[in-house]
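Peer 1: Pasting a structure below so you can have a look.
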Amino acid sequence: MLNQVCVLTIKVTNMEEALDFYTQVLDFSVAKKYGENIISLEHNGLPLILEKAEKVNVPSSSSVLLAINSSNIQEDFKKLQDKGVKILFDEPKPCPPGYFFVIEDNSGNQLEIVEFVD
């Protein structure tokens, strides 16, 4: 039965830059390399595939958005800002479950950073 997401794939134009971004900036670790064009990453049980693409068609908005949980959104906002990550907001914004902001990787893929507040 189809009832569980098993992996997320992110298309990137420069594998070296993408690997650096996801491992050094977002703290994912390399789980397995399937040659030069596909690398499996992992972070707290979440599998993620980086796949090299000649061209990435980044839409202005997407129906699917990868979100990464933050336990301290202000601290993570400052940390990513200090690392030179492209952040699409001036500060974290409130949302129904807590706070969030959006960043872009080196291929223009948008990722949401979210802190859930009780």
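Where a number appears in this text, it was derived from the coordinates with a stated rule and is not lab data. None of these values were measured; they are calculated from a predicted model. Glycine also receives a Cβ, built like all others from the backbone with ideal geometry; neighbour counts cover every protein chain displayed.
Peer 1: Consider Tyr22 against the criteria (1) more than 16 Å from Leu8 (Cβ to Cβ); (2) surrounded by 13 or more Cβ atoms within 10 Å (Cβ to Cβ): it satisfies all of them except one. Which criterion is unmet?
Peer 2: (1)
Peer 1: Looking only at region 68-118, which residues are buried (at least 18 other Cβ atoms within 10 Å of the Cβ), more than 18 Å from Asp20 (Cα to Cα) and acidic (Asp, Glu)?
Peer 2: Listed by number, the list holds a single entry, Glu115.
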